[in-house]
Amino acid sequence: LLCYGVTKMWNHYRGRHWHTALENGLAPIGAGLILAGVFAIFRVAGAGILSWVVAGVAAAILAWRPKLNPLILLVGGAVAFAAWHGMVPSG
């Protein structure tokens with residue numbers, strides 16, 4: 001209910017100068033928190049070089065094509081890991 005109320009108020013003030021300034025100011029903070037979360041998860045999971053490469057390629061593709069369905073990248077990452085670990089039958 002709290003999120004619903006905040007969203008309702010946030011959308012009510014959309015387009016005002018202070019609203020735009022606040023959104024632009026909070027964007028780098030949100031990006032930094034997401035990146036910190038990725039580093040924490042990778043550290044706990046013991047991620048190897050392949051994990052970093054797949055994450056970097058996925059981030060680059062999403063930066064290049066932001067409207068691309070992320071499930072496509074998820075499947076691509078799964079195929080990369082399966083191929084790396086020899087789980088894909090070579091036919």
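The values are calculated or read from the model by the stated rules, or taken from the named source; none is laboratory data. Here the structure is a predicted model, which is why all the values come from computation and not from measurement. A quick note on method: Cβ atoms are made from the backbone with ideal geometry, for glycine too, and the neighbour counts reach across all protein chains shown. Keep in mind that these areas ignore ligands, DNA and RNA; they rest on the heavy atoms of the full protein, side chains included. Shrake-Rupley method; radii C 1.70, N 1.55, O 1.52, S 1.80 Å.
Brief remarks follow.
- Taking the numbered list (1) at negative phi; (2) part of a loop (DSSP other than H, G, I, E, B) in turn, G86 passes all entries but (1).
- Residues in segment 71-91 that are in contact (Cβ under 8 Å) with a residue 12 or more places away in the chain and either more than 12 Å from the chain's Cα centre (by Cα) or open to solvent by 80 Å² or more (accessible area, probe 1.4 Å) (or both): G76, G77, A80, F81, W84.
- Qualifying positions in segment 1-31 - small (G, A, S) and surrounded by fewer than 10 Cβ atoms within 10 Å (Cβ to Cβ): G5, G15, G25
- Residue among V53, V44 that is open to solvent by less than 100 Å² (accessible area, probe 1.4 Å) and among the β-branched types (V, I, T): V53
- Exactly one residue out of L68, L62 is assigned by the TED database to the domain that holds A80, in a helix (DSSP H, G or I) and either open to solvent by less than 70 Å² (accessible area, probe 1.4 Å) or in contact with a strand residue (DSSP E or B) (Cβ under 8 Å, 6 or more places away or on another chain) (or both), and it is L62.
- So A40, is it free of Cβ contacts under 8 Å to residues at least 40 places away in the same chain, assigned to a helix (DSSP H, G or I), more than 13 Å from the chain's Cα centre (by Cα) and under 30 Å from V6 (Cα atoms): yes
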